[in-house]
Amino acid sequence: MAVIETFGLTKRYGTRRGNSVLAVDEVSIAVEQGQVFGFLGPNGSGKTTTIGMLVGIINPTGGSFRLFGASEPQDLVAVRTRLGATLETPNFYPYMTGLDNLRVAAAIKGVSRPRIDECLELVGLADRARHRFKTYSLGMKQRLALAATMLNDPELVILDEPANGLDPQGMREIREIIRILAGRGKTIFLSSHLLWEVERTCTHVAIVRKGRIVTTGTVAEVVSAGTAALLRAEDEDALVAALEEYPEATSVQRSDNGVVVALTSGDLAALNRYLAGMGIHVSHLAPYRQSLEDVFIDLTEGDFGSMTEIAT
Amino acid sequence: MIGVLVRIEALKTAKRLGFWVTTGLFAAFNAMFAFSSLRSDMTRESYTFALPEAWRTIIEPGANIGPFFLGVVMILLVAPEFSWRTARQNVIDGLSKERFFAGKVILFLPLTVVYAAIPVVIGGTVALLSPSETGSPLVGPSDFNFMIASWLGHLLVGSGAFLLAALLRTSGAAMGILFVYLLVEQIFADLIGRSSEILSAVTDFLPISTQEVLVSPPLHYPRVLAEQNALRAEQGRPLLEFHDFWLLVVVALAYCAVFLAIAFLSLRRRDL
Ligand SMILES: Nc1ncnc2c1ncn2[C@@H]1O[C@H](COP(=O)(O)OP(=O)(O)OP(=O)(O)O)[C@@H](O)[C@H]1O
Ligand SMILES: [Mg+2]
């Protein structure tokens with residue numbers, strides 16, 4: 001059964017034509033029960049906006065979605081008791097203690113006191129529970145948000161950048177919690193730009209760019225969809241120039257070991273013939289196994305210009 | 001569901017220092033006023049601050065400034081829900097926007113009663129200490145109307161502040177606009193009221209004017225009205241005239257309903 005389904009979901013912020021932003025553009029995805037679904041995209045690509053629409057705080061301007069099969073407003077309110085979500089930064093009452101903040105969330109979710117203590121224990125905040133939220137460090141705030149998410153033992157967990165602000169220990173704990181939840185058959189939908197995190201924890205991914213889904217599938221499918229090759233040649237500049245002209249190439253990048261070219265097909269012999277025809281003789285040509293990060297960079301390159309350019 | 005809304009709003013409010021400070025200041029103001037009235041009675045040895053005559057004196061100052069203390073409290077309790085994004089979190093946790101709004105209304109209505117009751121309770125208690133022989137805490141019909149009018153004033157200004165908080169979503173801006181409006185309504189009314197009869201009739205019913213008229217003692221106490229008009233006749237000034245009390249009641253309730261309705265629609269339409 002699909003836990004989340006979106007059909008051409010769209011959000012345009014602002015109505016004036018001059019300064020409106022198309023944040024989410026006809027996003028259609030399906031997340032099946034039990035999947036750990038990674039929602040990847042560069043800054044400003046519409047991840048938070050998409051999640052905001054799913055949890056009911058942002059009104060879509062187009063398209064529709066279903067949660068647990070429900071799509072009518074009344075039904076959505078009812079099924080939302082089966083999910084736990086955090087969005088962007090943790091949002092709590094700064095003047096209240098962590099415990100009191102959870103008491104508010106627990107009252108809304110209809111959860112009893114012992115469960116609050118259990119969740120505080122789970123995220124390692126039990127001994128700071130009686131301190132005010134505003135005295136918490138960023139990581140502690142994230143942990144409290146995670147505790148609030150887990151209160152109602154949700155069937156669907158939606159996490160927006162859960163690792164943001166966490167130390168390596170915290171990140172590992174999040175990964176561990178996700179693994180435990182997935183093991184118990186929960187569905188997890190998480191947005192991130194920490195690609196190695198996603199590659200390690202997710203079963204499925206969707207990559208989003210400027211509000212549009214550019215690819216989606218299992219992690220293995222997405223990683224192998226674009227084949228790539230690693231090449232070396234005496235004259236690397238000529239090699240890069242030739243590769244950039246090659247019609248099958250989707251991106252060309254220099255790396256420490258040579259030049260990595262992403263290809264639309266896996267025909268390396270054809271590539272070799274093309275280069276020979278251009279008078280370039282390669283000293284090395286081999287299939288290159290891309291990481292999710294490579295695929296991500298290929299697909300979302302150039303959105304913000306390159307930070308490295310600014311630095312140099 | 002209502003039980004849940006009451007619980008969460010009670011928790012949020014009880015832990016909020018700003019709420020206790022504002023309410024405490026209002027209570028302290030009333031206590032100070034009552035005690036100083038009692039003391040001046042004692043020194044003059046003429047006991048005017050004794051029940052039941054004292055009700056008018058007791059209710060009047062609170063009826064005038066209470067609505068603005070309540071306005072501040074409502075802004076403190078509503079606007080930060082947006083700037084802290086806790087309204088967002090409440091909805092994510094499973095409260096629909098409609099229920100979030102209902103929770104705030106459930107908070108607002110009892111607070112109007114509490115604020116209207118603070119002067120009555122504090123002033124009434126102090127007045128009971130008066131050594132006057134004639135005292136009986138009986139509330140006459142005029143006193144009762146005055147109390148109702150005071151409560152309506154709280155409802156009107158409080159819901160206006162609620163609306164500003166829901167629209168502007170930051171306490172600073174909402175309080176700024178509330179107090180600027182307080183200052184400019186009269187100026188505005190004078191300006192446009194001068195141009196025609198009809199407009200001047202309309203400006204009588206602007207929100208703050210309505211609230212001020214509602215809590216003016218001559219509206220409720222025929223004796224006060226007679227006294228003031230006698231004085232005015234002597235000085236050659238126009239006599240005081242009031243619209244019907246019930247018309248003012250309806251206008252105040254209508255403002256409250258419209259303010260809350262706009263706040264509701266805005267909350268529903270906008271993203272959190
Ligand atoms: N309230 C808003 N009003 C106007 N534009 C907005 C609003 N919220 C987001 N946007 C715009 O919508 C686009 C998508 O933003 P969103 O926060 O969904 O991105 P994101 O993928 O979550 O980014 P990040 O990785 O930085 O968190 C951005 O261009 C952003 O500027
Ligand atoms: Mg985001």
Inset, instruction - Answer yes or no as to whether B:Ala257 is at pLDDT 95 or above and either under 28 Å from B:Pro67 (Cα atoms) or away from chain A (no Cβ under 14 Å) (or both). - result: yes
Legend entry - helices (runs of 4 or more DSSP H) completely within region B:174-228 that count 2 or more residues being under 24 Å from B:Ala263 (Cα atoms): B:197-203, B:207-214
Legend entry - Filter result for A:Ala206 (modelled with pLDDT of 85 or more and touching a Phe, Trp or Tyr at 6+ places or on another chain (Cβ under 6 Å)): yes
Legend entry - helices (runs of 4 or more DSSP H) within region B:1-91 that include 3 or more residues more than 10 Å from chain A (Cβ to nearest Cβ) and in contact with a Lys or Arg (Cβ under 7 Å, 6 or more places away or on another chain): B:55-83
Legend entry - Test: residue in region A:220-228 that is open to solvent by less than 70 Å² (accessible area, probe 1.4 Å) and in contact with a Pro (Cβ under 8 Å, 6 or more places away or on another chain): yes
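Give me a count of the residues in region A:24-57 that are charged (D, E, K, R), assigned to a strand (DSSP E or B) and crowded, with 19+ Cβ neighbours inside 10 Å. Spell out the reasoning first.
Initially, region A:24-57 is screened for residues charged (D, E, K, R), giving A:25-26, A:32, A:47.
Keeping just the survivors that are assigned to a strand (DSSP E or B) gives A:25-26, A:32.
From what's left, crowded, with 19+ Cβ neighbours inside 10 Å: A:25.
Here the count works out to 1.
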Legend entry - Conditions (1) within 14 Å of another protein chain (Cβ to nearest Cβ); (2) in a helix (DSSP H, G or I); (3) more than 16 Å from ligand 2 (Cβ to nearest atom); number of the one not met by A:Ala145: (3)
Legend entry - Selection from region A:124-135 of residues that are under 14 Å from A:Asp100 (Cα atoms), within 28 Å of the chain's Cα centre (by Cα) and outside any helix (DSSP H, G or I): A:Leu125
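Does region B:92-103 hold any residues that are facing chain A (nearest Cβ under 9 Å) and aliphatic (A, V, I, L, M), and which are they? Outline the logic, then answer.
Taking region B:92-103 and keeping what is facing chain A (nearest Cβ under 9 Å), we get B:92-99.
Selection gives B:Ile92, B:Leu95.
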Inset, instruction - Kindly list, by first and then second residue, each pair from a residue in region A:278-291 that is in contact (Cβ under 8 Å) with a residue 12 or more places away in the chain and among the aromatic types (Phe, Trp, Tyr) to a residue that is open to solvent by 100 Å² or more (accessible area, probe 1.4 Å) and assigned to a strand (DSSP E or B), limited to pairs with Cβ atoms under 9 Å and residues at least 6 apart or on different chains. - result: none
Inset, instruction - Residue by residue through region B:252-272, note down the ones that are away from ligand 1 (no atom under 16 Å from the Cβ) and open to solvent by 30 Å² or more (accessible area, probe 1.4 Å). - result: B:Leu253, B:Ala254, B:Tyr255, B:Ala257, B:Val258, B:Phe259, B:Ala261, B:Ile262, B:Phe264, B:Leu265, B:Arg268
Legend entry - Tally of residues being open to solvent by 10 Å² or more (accessible area, probe 1.4 Å) and not hydroxyl-bearing (Ser, Thr, Tyr) across region B:74-90: 7
Legend entry - Qualifying positions in region A:124-139 - over 20 Å from A:Pro162 (Cβ atoms) and either surrounded by fewer than 16 Cβ atoms within 10 Å (Cβ to Cβ) or not assigned by TED's automatic domain parsing to the domain that holds A:Gly170 (or both): A:Asp127, A:Arg130, A:His131, A:Lys134, A:Thr135
Legend entry - Filtered residues of region A:148-174 (kept if open to solvent by 30 Å² or more (accessible area, probe 1.4 Å), away from every other protein chain (no Cβ under 14 Å) and away from ligand 2 (no atom under 16 Å from the Cβ)): A:Asp167, A:Pro168, A:Gln169, A:Met171, A:Arg172, A:Glu173
Inset, instruction - Just give me the residues in region A:244-270 being free of Cβ contacts under 8 Å to residues at least 24 places away in the same chain and of a type in the set (A, V, I, L, M, F, W, C), in sequence order. - result: A:Ala249, A:Val252, A:Ala269, A:Ala270
Inset, instruction - Taking the residues in region A:7-16 that are within 14 Å of ligand 1 (Cβ to nearest atom) and either surrounded by 17 or more Cβ atoms within 10 Å (Cβ to Cβ) or on the phi < 0 side of the Ramachandran plot (or both) as candidates, determine which candidate is farthest from the chain's Cα centre (by Cα). - result: A:Arg16
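Could we say that B:Thr57 is more than 22 Å from B:Ile75 (Cα to Cα) and of a type in the set (Ser, Thr, Tyr) here?
Working: more than 22 Å from B:Ile75 (Cα to Cα): yes; of a type in the set (Ser, Thr, Tyr): yes.
So B:Thr57 passes the test.
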Inset, instruction - Please give the number of the condition B:Asn64 fails out of (1) polar (S, T, N, Q); (2) over 30 Å from A:Thr50 (Cβ atoms); (3) open to solvent by less than 10 Å² (accessible area, probe 1.4 Å); (4) touching a residue at least 60 places away in the same chain (Cβ under 8 Å). - result: (3)
Legend entry - Subset of region A:47-69 (residues that are away from ligand 1 (no atom under 12 Å from the Cβ) and away from chain B (no Cβ under 13 Å)): A:Gly62, A:Gly63, A:Ser64, A:Phe65, A:Arg66, A:Phe68, A:Gly69
Legend entry - Candidate set from region A:70-89 (those that are touching a residue at least 12 places away in the same chain (Cβ under 8 Å) and more than 7 Å from chain B (Cβ to nearest Cβ)); member that is nearest to A:Thr48 (Cα to Cα): A:Glu88
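I need a count of the residues in region A:90-123 that are in a loop (DSSP other than H, G, I, E, B), more than 7 Å from every other protein chain (Cβ to nearest Cβ) and surrounded by fewer than 16 Cβ atoms within 10 Å (Cβ to Cβ). Steps first, answer last, please.
Step one: of region A:90-123, the residues in a loop (DSSP other than H, G, I, E, B) are A:90-96, A:110-112, A:123.
Going one step further and asking which of them are more than 7 Å from every other protein chain (Cβ to nearest Cβ), we end up with A:90, A:110-112, A:123.
Next cut, surrounded by fewer than 16 Cβ atoms within 10 Å (Cβ to Cβ) only: A:110, A:112.
So the answer is 2.
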Legend entry - Single condition B:Leu239 does not satisfy, out of (1) outside any loop (DSSP other than H, G, I, E, B); (2) free of Cβ contacts under 8 Å to residues at least 12 places away in the same chain: (1)
Legend entry - Residue tally, condition free of Cβ contacts under 8 Å to residues at least 24 places away in the same chain and not in a helix (DSSP H, G or I), over region A:214-243: 2
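The values are calculated or read from the model by the stated rules, or taken from the named source; none is laboratory data. Please read all numbers here as calculations on a predicted model, not as lab measurements. Using ideal geometry, Cβ is built from the backbone for each residue, glycine included, and neighbour counts are taken over all protein chains shown. Note: accessible area is taken over every heavy atom of the protein model, side chains too, but ligands, DNA and RNA are not part of it. Shrake-Rupley method; radii C 1.70, N 1.55, O 1.52, S 1.80 Å.
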